[in-house]
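J.: Dumping the structure here so I can ask a few things about it.
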Amino acid sequence: MAGVEISIKMDGQIGIIAVAGSVDAHTVGDFDKKLKEVLAKTKSIIIDVAALEYIATAGLGALMASFNEVKKGGGNIILAGMSDKVKKVFDTMGFSKVFKIVGSVPEAKSAL
Amino acid sequence: MTLRIAGVTDSLSRIREFVLSFAKEQGFSDDKLGEIEMAVDEAATNVIRHSYAEDPEIPDNNRVLEIEVKGIEKGMEVAVSDFGKAFNPVGVPLPDLEKHATSLKTHGLGIFSMKVFMDEMAHEFVPGIGNKIIMRKFL
């Protein structure tokens, strides 16, 4: 998928953002907008990245800015279902040490 | 084989697709395909965001990118050419990743990804024309 598809749902106090496709310098605006939309409602966020095919450093930047915000509010962002390909980017850039990454959304719910 | 395309972020998916399709034909593993994809995407993004977007003097017909791919012994070469001012990413020092992680910043990671994901990287600048970033990846 060339673009990105992002859906949002609230599960009690938890905001769940599902991201599919590619977050690059072109689509990062949509990603950032959706992150902020959820941030306005809650500081407990799960990002379902199972269908995320590609993330550029622009996407990592948006993610880090939101992470900063939730941490200030005492919350957390947990990433769920990350592919090996995307995990490699997180590992290489040092972000695996910053974010909690789990296998699935249910696992992320119990970790929040 | 060369792709000449508008220097806008909307072109990025087409650039990745172009390079990936060639890299697949060369027999790169999925792991290395992901590395090539990111390095090229970041090289193009750098030009679009930091050269073309910040320099109003570049004429519109020069706001293009040329992506050239070719097979080399045991690998491939991809060159990203622009028509902006001189900028040599090869000379940019690598960021301290530990500091980045704790400072929650991502600035400089695009160039970092080009350097770590490709095996060789070189820069050429032709005055009056522009920059050419040449990156090589081996199988």
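J.: Looking at segment A:1-28 only, could you name the residues that are in contact with a helix residue (DSSP H, G or I) (Cβ under 6 Å, 6 or more places away or on another chain), within 14 Å of chain B (Cβ to nearest Cβ) and of a type in the set (Gly, Ala, Ser)?
T.: A:ALA2, A:ALA25
J.: I'd like the full set of residues that are of a type in the set (Val, Ile, Thr), within 23 Å of B:GLU120 (Cα to Cα) and surrounded by 13 or more Cβ atoms within 10 Å (Cβ to Cβ), limited to segment B:55-89.
T.: Listed by number, the residues that qualify are B:ILE67, B:VAL69, B:VAL78, B:VAL80.
J.: Given the options A:PHE31, A:PHE95, name the one that is buried (at least 16 other Cβ atoms within 10 Å of the Cβ) and either within 11 Å of chain B (Cβ to nearest Cβ) or hydroxyl-bearing (Ser, Thr, Tyr) (or both).
T.: A:PHE95
J.: Can you give me the number of residues within segment B:31-54 that are surrounded by fewer than 21 Cβ atoms within 10 Å (Cβ to Cβ), within 8 Å of chain A (Cβ to nearest Cβ) and closer than 22 Å to B:GLU77 by Cβ?
T.: So the answer is 1.
J.: Of everything in segment B:16-30, what is surrounded by fewer than 20 Cβ atoms within 10 Å (Cβ to Cβ) and of a type in the set (D, E, K, R)? Give them in sequence order.
T.: Within segment B:16-30, B:GLU17, B:LYS24, B:GLU25, B:ASP30 meet the criteria.
J.: OK, next. Tell me the residue from A:GLU37, A:GLU53 that is at pLDDT 95 or above and surrounded by fewer than 18 Cβ atoms within 10 Å (Cβ to Cβ), please.
T.: Every option except A:GLU37 fails the conditions.
J.: Still on this structure, please answer the following. Tell me, which helices (runs of 4 or more DSSP H) wholly within segment B:1-112 include 1 or more residues that are modelled with pLDDT of 95 or more, closer than 26 Å to A:LEU52 by Cα and acidic (Asp, Glu)?
T.: B:12-26, B:30-46
J.: Does segment A:70-85 hold any residues that are within 13 Å of the chain's Cα centre (by Cα), farther than 22 Å from B:LEU20 by Cα and either within 8 Å of chain B (Cβ to nearest Cβ) or buried (at least 18 other Cβ atoms within 10 Å of the Cβ) (or both), and which are they?
T.: Once the filter is applied, which keeps residues that are within 13 Å of the chain's Cα centre (by Cα), farther than 22 Å from B:LEU20 by Cα and either within 8 Å of chain B (Cβ to nearest Cβ) or buried (at least 18 other Cβ atoms within 10 Å of the Cβ) (or both), segment A:70-85 yields A:VAL70, A:ILE77, A:ILE78, A:LEU79, A:ALA80, A:GLY81.
J.: Let me ask you something else. Is it the case that some residue within segment B:55-73 is under 16 Å from B:ALA122 (Cα atoms) and within 14 Å of chain A (Cβ to nearest Cβ)?
T.: no
J.: Additional query: All but one of (1) among the hydrophobic types (A, V, I, L, M, F, W, C); (2) surrounded by 18 or more Cβ atoms within 10 Å (Cβ to Cβ); (3) under 13 Å from the mean Cα position of the chain (by Cα) hold for A:ILE8; which doesn't?
T.: Just one mismatch for A:ILE8, condition (2).
J.: Sticking with this one: Looking at segment A:1-81, what strands (runs of 3 or more DSSP E) fall wholly within it and have at least 3 residues that are among the charged types (D, E, K, R) and over 21 Å from B:SER113 (Cα atoms)?
T.: Correct list: A:4-11.
J.: Hey, can you tell me all the residues within segment A:86-109 that are over 12 Å from the mean Cα position of the chain (by Cα) and either assigned to a loop (DSSP other than H, G, I, E, B) or of a type in the set (Ser, Thr, Tyr) (or both)?
T.: Those that are over 12 Å from the mean Cα position of the chain (by Cα) and either assigned to a loop (DSSP other than H, G, I, E, B) or of a type in the set (Ser, Thr, Tyr) (or both): A:THR92, A:GLY94, A:SER96, A:VAL98, A:GLY103, A:SER104.
J.: Would you please list the contacts, defined by Cβ atoms under 6 Å and residues six or more apart or on different chains, that run from a residue in segment A:66-84 that is under 28 Å from B:GLU35 (Cβ atoms) to a residue that is hydroxyl-bearing (Ser, Thr, Tyr) and surrounded by fewer than 19 Cβ atoms within 10 Å (Cβ to Cβ)?
T.: Once the first residue is under 28 Å from B:GLU35 (Cβ atoms) and sits in segment A:66-84, its partners that are hydroxyl-bearing (Ser, Thr, Tyr) and surrounded by fewer than 19 Cβ atoms within 10 Å (Cβ to Cβ) give A:ALA80/A:SER104; A:GLY81/A:SER104.
J.: Then there is this: Kindly indicate the residue of segment A:98-112 that is aliphatic (A, V, I, L, M) and more than 10 Å from chain B (Cβ to nearest Cβ) and also surrounded by the fewest Cβ atoms within 10 Å (Cβ to Cβ) among those meeting that condition.
T.: Checked segment A:98-112; the qualifying residue surrounded by the fewest Cβ atoms within 10 Å (Cβ to Cβ) is A:ALA111.
The values are calculated or read from the model by the stated rules, or taken from the named source; none is laboratory data. Owing to the predicted nature of the structure, the values given are computational and were not obtained by experimental measurement. Ideal geometry is used to build each Cβ from the backbone, glycine not excepted, and the neighbour counts take in all protein chains shown.
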